[in-house]
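Below is one structure, written out as structure tokens, with a few remarks after it.
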Amino acid sequence: MDDPLEKRVLETSYHGLIKENETFVEITPLIKVDETKICGFHIIKKNKEIPFQIELVNELGILKAKKSLNCEKRKNYKFDITAVFCDGSHSKSASVHISVIDINEYSPTFLQPSYVTEVDEGRLYQEIIRVEATDKDCTPLFGDVCKYEILTSDQPFTIDNEGSIRNTEPLSHKASHNHILSVVAYDCAMKQSAPVMVNIRVRRVCEAHVMGVAERIDYSANSMESVSLFPKIHLELCDMQCKGEDMVIQSSVSLKTKHISFGCDRDASQCLKKLSEEEQIESGLTDLLQKNTDWTKDLVYDEGAESIFHFDGSAGAIVPKTVVKSQDFAAHQFSIMTMFRHHSIASNDKHTKEHIICSADDHKMNRHHMALFVRNCRLILLLRKNFNDGDLNIFSPAEWRWKVPQVCDNEWHHYTINVDLPKVDLYIDGVKFESNIEDRHSNPEVIDDWPLHAAHGINTTLAIGACFQGSENRLKHGFSGDISEIKLSMRKVLTPNQIRCGTDCAEKLLPPADHFLEPEQQIQSNTQMNKIIIEGSNKSNIEQLLQQIQYINSKDNPTIGRRNIQVMTTVSCPNKKAIRLPSIDTYIMVTASNTSTPPVPSTATLYSKILVDKPLTVDQKPQIVIVGNSNHLVSYPDIKDGVKILAQINISIYTGKEIRPALQKLDSCNVNVFPSLNPDHEEITIDDKDGTDESLFKFDIKTKISKDGVEMIGYDTIENYQHILKSLVYINKKPAYYLNRVFKLTCSQVDDHFRSAEYTLTLTVLHPKQQPSSASTAPSVLLAVPSVLPTTSSDGHAAVAADSHDTNQYAHAMLHSHDIQESQSRVHNLAHEKAQLASSHSTMLIVVICASFVLLICGVGIARLRNNGGGGGSGSSSHSRNSLDKHMPCPKVAPEQQLDWDDSALTITINPMQNDNLSDESSESENSDSEDEEVINGRYKNVSQLEWDNSTI
């Protein structure tokens with residue numbers, strides 16, 4: 001059997017740790033023995049060399065490595081040890097497990113010394129190239145690569161933690177042929193590797209595109225000559241080709257002129273010259289919308305060569321019967337030709353009618369006989385048959401409703417309606433309207449109706465821009481937008497050639513001549529001649545055809561400004577998807593002719609010049625600045641006579657150098673009043689006393705004054721606008737009704753594209769302050785009244801001292817609010833009458849009788865006064881004393897002092913404590929006329945307005 005002491009010498013097993021750069025082994029638990037019994041240790045070797053040794057030091061077994069270990073070669077060691085007794089015997093063995101601890105001695109290294117790759121320009125790649133690095137360290141912390149980084153800055157590339165490199169934006173061969181990147185790797189302890197070079201070469205890719213198009217093409221106005229648009233155009237198609245088949249090339253050239261008035265330069269006179277003699281004779285149209293006529297003088301229109309009338313929904317004009325006689329439109333053929341731009345507003349009521357032309361009853365009734373109007377984005381023709389014996393019960397078409405997008409696209413369009421019942425045709429921009437197959441039965445929608453009933457003695461009134469309401473004797477259902485022309489062809493319909501005269505554009509694109517065409521080449525042009533499409537398979541011939549396209553403007557006075565040109569090209573193989581080349585945008589700049597003096601440009605011409613030329617920078621845009629006082633204090637007399645509200649304003653326009661001096665003008669100013677004016681006692685007028693005679697009529701400014709303010713429209717100078725603004729006078733006959741008024745002014749330039757900031761002026765009414773009477777003095781005034789009666793001087797003038805003493809106490813304005821025009825008080829008359837009786841010496845009997853009668857009356861008066869003064873509170877006392885002071889009855893009144901009514905029972909109560917608390921609210925009663933009455937010496941001048949019913953007082 002084994003000795004029990006022998007078993008306890010060593011543990012069963014030990015665990016140790018050693019770092020790669022050290023030799024000492026940290027052992028757990030400690031190898032501890034009794035040094036009196038144990039003299040050493042022995043390592044039991046098995047097959048392999050053990051690079052460790054053990055020594056006995058101070059009863060401990062110390063393990064050491066014979067050399068530096070390498071974790072990358074061997075991570076773990078296992079062996080047995082025994083204790084050697086001093087007698088030479090060995091104890092039982094114990095196992096030892098030693099792990100080598102890794103240190104971060106190696107940096108990551110890339111698998112390749114450098115990386116090179118190629119990419120195509122113009123593409124975004126998910127991965128261009130992947131780099132990879134490794135680390136020789138044996139543990140994941142030091143031996144795994146956790147991160148990659150591109151050290152080269154300002155390069156359009158990124159790399160992820162897996163080493164995948166991609167571009168962040170398309171590369172360009174022209175910008176850089178190759179990109180050289182410096183890339184490093186990091187292990188998980190963030191130890192950095194040496195950098196590796198990554199070279200990304202950019203391959204040039206041929207991109208098909210159009211070349212040789214100038215950025216700007218100049219065209220001289222009034223030249224009447226054509227100009228080539230693309231004399232050097234070239235198609236770069238790279239290596240695009242179709243296998244065994246011809247390639248199809250299609251190029252389209254478009255002329256953009258929607259920003260020009262009417263959508264393009266139009267000139268009907270040139271078109272009329274091309275009509276046959278018969279068509280010229282029959283093309284006579286009655287122009288209902290002319291400038292400088294009596295019936296259109298109040299309409300707002302542009303001052304330029306073009307006729308553009310502006311309608312705001314409330315404007316309109318009645319056509320005199322000398323121009324168009326009253327007639328039954330349904331009884332014969334006729335045509336309506338018009339050009340308008342409808343201002344479509346989404347929030348408008350769908351049932352609102354906006355009339356272009358209307359024939360309705362001239363009085364008594366509101367029947368519409370013939371009308372052309374817009375409602376709910378539909379163009380509607382109303383044509384009612386009149387009553388006659390033959391067709392009383394015939395239900396016939398009365399409305400034609402066309403649903404066309406042109407009505408509500410806010411663009412200029414030309415419309416012609418030919419009426420030859422039962423046939424009605426609509427032409428839009430010279431093209432006859434044809435409904436689609438899907439809505440051929442509902443567009444136009446035709447509504448039937450009965451004939452109009454008979455109405456004897458009623459004729460019709462023809463109006464434009466609105467419809468005349470006979471029962472109200474005014475225009476209603478006005479048009480909102482711009483109208484250029486309204487013409488009627490009576491008893492004849494217009495031919496297609498005559499219709500095109502009003503729609504053809506004077507500026508157009510001229511296609512190549514036919515002799516340039518080769519077999520299988522095609523050229524197409526639209527009716528407006530603003531788009532040309534060329535199609536073929538021969539690249540060289542397509543280029544030649546494009547080089548022959550020209551622009552011409554045959555109008556006598558072309559609109560100066562920019563016309564955009566767009567070139568679009570597609571290339572495809574038969575039965576395959578077409579590849580669209582990048583579109584090319586350029587523009588034609590129509591400039592003033594140098595050979596002759598150019599005509600005065602219209603407002604629209606100047607507008608288009610500034611808006612369609614190259615975009616304005618921030619410092620070039622006009623800035624309209626309005627300065628002036630923000631507050632204006634006025635008194636009652638001033639505001640009743642009228643005050644100039646905007647006398648202190650000054651308007652300035654700050655612009656860049658490239659803005660034409662002719663544009664340093666305004667085209668509108670609006671003065672808005674808050675709250676709106678009360679027409680009963682408020683108004684705004686124009687006082688031009690400071691100007692020359694009829695100076696306002698020399699301005700090109702239309703002024704409209706309403707309860708909401710003042711609207712001024714017209715292309716004119718800043719000085720003229722300021723002259724009118726400073727002449728505006730605000731009058732208020734009842735200023736006590738308001739504390740203040742707010743006036744807001746804004747001005748605009750270039751068709752409302754440039755608008756000023758809002759200028760605000762507050763007009764404050766200074767209300768007069770009343771003189772307050774203290775509470776202590778008010779009772780003394782009332783108590784002084786009884787002393788008037790018994791006080792009589794020797795000259796017969798009673799109570800003079802008391803009256804003069806209390807004059808200031810009665811000076812309050814409200815004390816006389818309802819006084820009557822009496823030269824003296826009744827008490828004064830009584831004393832005066834007593835003096836006259838005392839001086840009479842005709843007979844003693846008469847003296848005694850009259851004196852007794854007077855004393856009796858005075859005694860009755862004193863008794864009444866004491867009776868009233870003794871009862872009630874202070875309120876009743878004040879009541880009776882005021883009544884006694886002002887309306888004491890006397891037995892006899894002189895003829896000139898007689899009143900207009902019997903006031904024997906009338907008393908007026910004035911509370912002296914409320915005199916100081918009266919506010920403006922007391923004057924806001926509907927029946928109050930206090931502001932219209934003038935007070936003279938505390939009494940009303942207009943006594944007739946004081947009408948009281950004293951029957952119940």
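The values are calculated or read from the model by the stated rules, or taken from the named source; none is laboratory data. Small disclaimer: the values here were computed from a predicted structure and weren't measured. Cβ coordinates were reconstructed from backbone atoms using ideal geometry, including for glycine residues, and neighbour counts include every protein chain displayed. Heads up: the accessible areas ignore ligands, DNA and RNA and are worked out on the full protein's heavy atoms, side chains in. Shrake-Rupley method; radii C 1.70, N 1.55, O 1.52, S 1.80 Å.
Here the condition is being at pLDDT 85 or above and open to solvent by 50 Å² or more (accessible area, probe 1.4 Å); of E278, E236, it holds for E236 alone. Scanning segment 326-375 for residues that are aliphatic (A, V, I, L, M) and out of contact with any His (no Cβ under 9 Å at 6 or more places or on another chain), we see that the one that is farthest from R500 (Cα to Cα) is M365. Being open to solvent by less than 30 Å² (accessible area, probe 1.4 Å), within 60 Å of the chain's Cα centre (by Cα) and touching a residue at least 24 places away in the same chain (Cβ under 8 Å): is that true of Y115 here? Criteria met by Y115.
Please specify each residue of segment 92-141 satisfying the condition of being closer than 30 Å to S172 by Cβ and assigned to a strand (DSSP E or B). Walk me through how you get there before you give the answer.
Taking segment 92-141 first, the residues closer than 30 Å to S172 by Cβ are 110, 112-132.
Selection gives F110, S114, Y115, V116, T117, E118, V119, D120, I129, R130.
Just to be sure before I move on: is I542 open to solvent by less than 50 Å² (accessible area, probe 1.4 Å) and outside any helix (DSSP H, G or I) in the structure I sent? Judged against the criteria, I542 is not a match. I'm trying to understand the selection: among the residues of segment 214-224, which are within 13 Å of K555 (Cβ to Cβ) and touching a Phe, Trp or Tyr at 6+ places or on another chain (Cβ under 9 Å)? Passing the criteria: only Y219.
Of all residues in segment 69-90, those that are touching a residue at least 40 places away in the same chain (Cβ under 8 Å) and open to solvent by less than 60 Å² (accessible area, probe 1.4 Å) have Cβ atoms under 6 Å from Cβ atoms of residues that are of a type in the set (V, I, T) and not in a strand (DSSP E or B), 6 or more apart or on another chain, in A83/V9; A83/V33.
From N222, N199, which residue is modelled with pLDDT of 90 or more and either out of contact with any strand residue (DSSP E or B) (no Cβ under 9 Å at 6 or more places or on another chain) or not acidic (D, E) (or both)? Step through it out loud before you land on a result.
Details: N222 fails: modelled with pLDDT of 90 or more.
None of the other options fit; the residue is N199.
Among the conditions (1) in contact with a His (Cβ under 7 Å, 6 or more places away or on another chain); (2) open to solvent by less than 10 Å² (accessible area, probe 1.4 Å); (3) farther than 17 Å from M339 by Cβ; (4) not hydroxyl-bearing (S, T, Y), the only one that L383 does not satisfy is (1).
Contact annotation: residue pairs with Cβ atoms under 6 Å, 6 or more positions apart or on different chains, pairing a residue in segment 417-441 that is closer than 23 Å to D328 by Cα with a partner that is assigned to a loop (DSSP other than H, G, I, E, B), are N418/V493; D420/Q333; D420/V493; L426/F433. The listed residues are T152, T139, and the only one of them that is more than 26 Å from V25 (Cβ to Cβ), among the β-branched types (V, I, T) and in contact (Cβ under 8 Å) with a residue 24 or more places away in the chain turns out to be T152. Annotation note: Cβ proximity below 8 Å between a residue of segment 619-638 that is farther than 21 Å from Q722 by Cα and open to solvent by 60 Å² or more (accessible area, probe 1.4 Å) and a residue that is among the β-branched types (V, I, T) and assigned to a strand (DSSP E or B) (sequence gap 6+ or interchain) occurs for L633/T764. Taking the criterion of being surrounded by fewer than 21 Cβ atoms within 10 Å (Cβ to Cβ) and within 20 Å of K321 (Cα to Cα), the residues of segment 473-496 that qualify are N473, R474, K476, E485, K487, L488, M490, R491, K492. Based on this model, can you work out whether R130 counts as open to solvent by 70 Å² or more (accessible area, probe 1.4 Å) and within 52 Å of the chain's Cα centre (by Cα)? So R130 does not fit the description; no. Strands (runs of 3 or more DSSP E) fully within segment 395-446 that include at least 2 residues being open to solvent by less than 60 Å² (accessible area, probe 1.4 Å), farther than 23 Å from N526 by Cβ and among the charged types (D, E, K, R): 396-402. Among the residues of segment 497-521, just one is surrounded by fewer than 18 Cβ atoms within 10 Å (Cβ to Cβ), closer than 30 Å to H413 by Cα and over 42 Å from the mean Cα position of the chain (by Cα), namely N497.
Of everything in segment 173-203 that's loosely packed, with under 14 Cβ neighbours inside 10 Å and within 48 Å of the chain's Cα centre (by Cα), which residue is farthest from T570 (Cα to Cα)? Step by step, filter segment 173-203, then rank; the result is A175.
Do you know which of the residues in segment 146-172 that are open to solvent by 40 Å² or more (accessible area, probe 1.4 Å) and not in a loop (DSSP other than H, G, I, E, B) is farthest from T117 (Cα to Cα)? The residue in question is C146.
Taking segment 241-257, which residues are part of a loop (DSSP other than H, G, I, E, B) and open to solvent by 50 Å² or more (accessible area, probe 1.4 Å)?
Here is the first cut: in segment 241-257, the residues part of a loop (DSSP other than H, G, I, E, B) are 241-247, 257.
Scanning segment 241-257 gives Q241, K243, G244, E245, D246.
Does at least one position in segment 346-354 carry a residue that is outside any helix (DSSP H, G or I), touching a residue at least 40 places away in the same chain (Cβ under 8 Å) and of a type in the set (A, V, I, L, M)? No: segment 346-354 contains no residue that is outside any helix (DSSP H, G or I), touching a residue at least 40 places away in the same chain (Cβ under 8 Å) and of a type in the set (A, V, I, L, M). Can you name every residue in segment 524-544 that is closer than 29 Å to D239 by Cβ, among the hydroxyl-bearing types (S, T, Y) and in contact with a strand residue (DSSP E or B) (Cβ under 8 Å, 6 or more places away or on another chain)? Passing the criteria: only S537.
Considering only residues that are part of a strand (DSSP E or B) and surrounded by fewer than 16 Cβ atoms within 10 Å (Cβ to Cβ), look in segment 216-233 and name the one that is farthest from the chain's Cα centre (by Cα).
We begin by selecting, within segment 216-233, every residue part of a strand (DSSP E or B); these are 216-220, 227-228.
When the remaining residues are screened for being surrounded by fewer than 16 Cβ atoms within 10 Å (Cβ to Cβ), the result is 216, 218, 228.
On the way: R216: 33, D218: 35, S228: 41 Å.
Among those that are part of a strand (DSSP E or B) and surrounded by fewer than 16 Cβ atoms within 10 Å (Cβ to Cβ), it is S228.
Residues of segment 659-694 that are at pLDDT below 80, more than 30 Å from the chain's Cα centre (by Cα) and either among the β-branched types (V, I, T) or farther than 21 Å from L745 by Cβ (or both): K689, T692, D693, E694.
For segment 23-43, a residue qualifies if it is among the aliphatic types (A, V, I, L, M) and either under 9 Å from L60 (Cα atoms) or touching a helix residue (DSSP H, G or I) at 6+ places or on another chain (Cβ under 9 Å) (or both), and the qualifying residues are L30, I31, V33.
Residues satisfying the criterion are present in segment 100-112 (criterion: surrounded by 13 or more Cβ atoms within 10 Å (Cβ to Cβ) and over 26 Å from K147 (Cα atoms)).
Yes or no, residue by residue, for (1) within 25 Å of K232 (Cβ to Cβ); (2) at pLDDT 90 or above:
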{"position": "Q566", "(1), (2)": "yes, yes"}
{"position": "A604", "(1), (2)": "no, no"}
{"position": "I624", "(1), (2)": "no, no"}
{"position": "N631", "(1), (2)": "no, no"}
{"position": "V634", "(1), (2)": "no, no"}
{"position": "D638", "(1), (2)": "no, no"}
{"position": "I649", "(1), (2)": "no, yes"}
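Here are some conditions: (1) at pLDDT 85 or above; (2) open to solvent by 10 Å² or more (accessible area, probe 1.4 Å); (3) within 40 Å of the chain's Cα centre (by Cα); (4) more than 16 Å from T460 (Cβ to Cβ). T338 meets all but one. Which one does it not meet? If we test T338 against (1) at pLDDT 85 or above; (2) open to solvent by 10 Å² or more (accessible area, probe 1.4 Å); (3) within 40 Å of the chain's Cα centre (by Cα); (4) more than 16 Å from T460 (Cβ to Cβ), just (2) comes out false.
Just wondering, is there one or more residues in segment 112-130 that are over 17 Å from N199 (Cβ atoms) and of a type in the set (V, I, T)? Give the steps one after another, and end with the answer.
First pass over segment 112-130, keeping only residues over 17 Å from N199 (Cβ atoms): 122-124, 126.
Those still in the list that are of a type in the set (V, I, T) too: none.
Scanning segment 112-130, I find no residue that is over 17 Å from N199 (Cβ atoms) and of a type in the set (V, I, T), so the answer is no.
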